[in-house]
């Protein structure tokens, strides 16, 4: 019960501050962040909040799905929850550290010193206990990324490449390639694809796509633009795989 109350306070804090940060100058680069948390409400809110602050964001509910995303996508930082079913964040962090130096910021409802030490011993870069102020999360993420950038001054964060079918979409350049050839996209098609790509694997409503992409008209205009986009990237646009329709909810772009 105590953990549930803490989570509610955390979510409430994000909701209250969410609109305030939309007016703050965008200070982030286009680093790609992976959020791994089994709480759907918090995960979705974090994805929206970080996206609005200039990051490309993917999210998933458990370590197994995170591993699948990491096969096809490159991430600059992982926001990782400790308390997850089957494989908790500490085990996953230890697995990550044996294979990659990607920065890890751990979220947890646990506030005890021994739990923080356990995370740091497994190579976690920073630790933030729930409930937390989302502005603090944002500052910690930027601090970690800045520290990594300074540590490797000759390296820049690479463009995020999303592979689906025979296509590769580069989120930073907002370019779509197929079999080595760049595919021309209209401004509306490019905006729509980018809105889906930065929420990779998550269903995006037609209303959200309409707002994010700046498409004029009603939600039916979104459907028309999706159809046109499919004709350019699908082997068979009548049996589409990218993006997929989620009946009654919107669209989702899934990697290979």
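With contacts taken as Cα pairs under 8 Å at a separation of at least 6 residues, the range 161-252 carries a relative contact order of 25 percent. If the segment from residue 254 to residue 232 were pulled out straight at 0.36 nm per residue, it would be longer than the present Cα-Cα gap by 6.2 nm. In this structure, residue 135 and residue 114 have a Cβ-Cβ separation that, at R0 = 25 Å, corresponds to a calculated FRET efficiency of about 0.35. Annotation: extensible slack from residue 174 through residue 208 equals 10.3 nm (criterion: 0.36 nm per residue apart, minus Cα-Cα distance). Shown for 194, 32: other C-beta atoms within 10 Å of each C-beta, ranked fewest to most, produce the order 194, 32. Set the Förster distance to 22 Å, then compute FRET efficiency between residue 121 and residue 149 from the Cβ-Cβ distance, nearest 0.05. For R0 = 22 Å, the calculated efficiency reads 0.30.
Here residue 87 and residue 184 are evaluated by their C-beta separation; at R0 = 51 Å the FRET efficiency comes out at 0.75. In plain terms, the chain from residue 67 to residue 220 could stretch by 51.5 nm, reckoned as 0.36 nm per residue minus the Cα-Cα distance. Once Rh is set to the Kirkwood radius over Cα pairs, what Stokes-Einstein translational diffusion coefficient, in µm²/s, holds for the range 161-252 at a temperature of 10 °C and a viscosity of 1.306 mPa s? In µm²/s, the coefficient is 121.
In this simple spin-label model, placing a label point 7 Å from the Cα along the Cα-to-Cβ direction at both residue 40 and residue 241 gives a separation of 2.7 nm.
A short reminder: the numbers here are calculations on the coordinates, not readings from a lab. Values in this document were obtained by computation on a predicted structure and should not be read as measured data. Glycine also receives a Cβ, built like all others from the backbone with ideal geometry; neighbour counts cover every protein chain displayed.
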